[in-house]
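Notes for the one structure printed next.
The values are calculated or read from the model by the stated rules, or taken from the named source; none is laboratory data. Bear in mind that the values here come from a model prediction, so they are computed numbers and not experimental data. Neighbour counts are summed over all protein chains in view; Cβ atoms, including those assigned to glycine, are modelled from backbone coordinates with ideal geometry.
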């Protein structure tokens, strides 16, 4: 990537129309699934936040959120975040989220919500570890059978709903870069976080032994763990498993059992451990 990243509000119809091209490029959306330019026109003037990231004058990505109500209070719901392939891997998505954070605070908003596929480890690491969100809500087949939103043939569009409390101490620490940087995982763990040893912690879901397949299937979920902190494993690279939908389906089935059950018992997804093995950190 040659130039610096400039993030600003999107202003005119030509820029809104270019977002259709980005939706096609990043998500392979068909025309029927595109958010149209005229909707961006209306929402950008009625309280939505619509920001573009530019590199050398070219739009490299965007973030789009709209006003919403959650748990009886006003918030912004971040519906889209996209970075075109040639600019991925440079932290532009993270920059867009922090720009969204600043704009929401200017509006007097204290909460941003969004959804993402819980099997996407890189997204989980960005959301929970780098940005400091939490999740306590699991939606099954949230978007229905929309092909461009499915992670494999016949795989339902399950999503975690995350809550980003913009003024919370853990979020402010991450925004200011106050934590000690973790060279392996990036992002930065705050000084208040104690290091976790996955090998010594109870796991509600984890991989079994490899038996010649592309990636191990999970072992049966453990549903009766009572410790305050629990780990839930997911595959580190879901894209590598797309040719093997049966493997993806087995991990999704495990998450469907584990996450809602522990959420009901007062746990929340509080952090994420990213590496050769990846784990959600559930805390009560």
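Among the conditions (1) under 19 Å from residue 75 (Cβ atoms); (2) at pLDDT below 95, the only one that residue 187 does not satisfy is (1). Would you please name the residue that is modelled with the highest pLDDT, looking only at residues in the range 237-267 that are in contact with a helix residue (DSSP H, G or I) (Cβ under 9 Å, 6 or more places away or on another chain) and surrounded by fewer than 17 Cβ atoms within 10 Å (Cβ to Cβ)? Ranking the qualifying residues of the range 237-267, first place goes to 237.
Of the residues making up the range 154-174, those that are surrounded by fewer than 17 Cβ atoms within 10 Å (Cβ to Cβ) and at pLDDT below 95 number 1. The criterion of being more than 21 Å from residue 173 (Cα to Cα) and at pLDDT below 95 does not hold for residue 61.
Report whether or not residue 219 is surrounded by fewer than 15 Cβ atoms within 10 Å (Cβ to Cβ), at pLDDT 95 or above, more than 25 Å from residue 130 (Cα to Cα) and over 23 Å from the mean Cα position of the chain (by Cα). In short, yes. Confirm whether residue 161 is under 19 Å from residue 232 (Cα atoms) and out of contact with any helix residue (DSSP H, G or I) (no Cβ under 7 Å at 6 or more places or on another chain). When the stated conditions are applied, residue 161 passes them. Count of the range 226-256 residues, restricted to those that are in a loop (DSSP other than H, G, I, E, B) and either out of contact with any strand residue (DSSP E or B) (no Cβ under 6 Å at 6 or more places or on another chain) or over 24 Å from residue 267 (Cβ atoms) (or both), is 8. Among the conditions (1) touching a helix residue (DSSP H, G or I) at 6+ places or on another chain (Cβ under 8 Å); (2) farther than 27 Å from residue 129 by Cβ, the only one that residue 45 does not satisfy is (1).
Applying a threshold of 8 Å to beta carbon distances and a minimum spacing of six or more residues, or different chains, the list of pairs starting in the range 128-153 at a residue that is at positive phi and exposed (fewer than 15 other Cβ atoms within 10 Å of the Cβ) and ending at one that is at pLDDT 85 or above and assigned to a loop (DSSP other than H, G, I, E, B) reads 141/156; 141/157; 141/158; 144/157.
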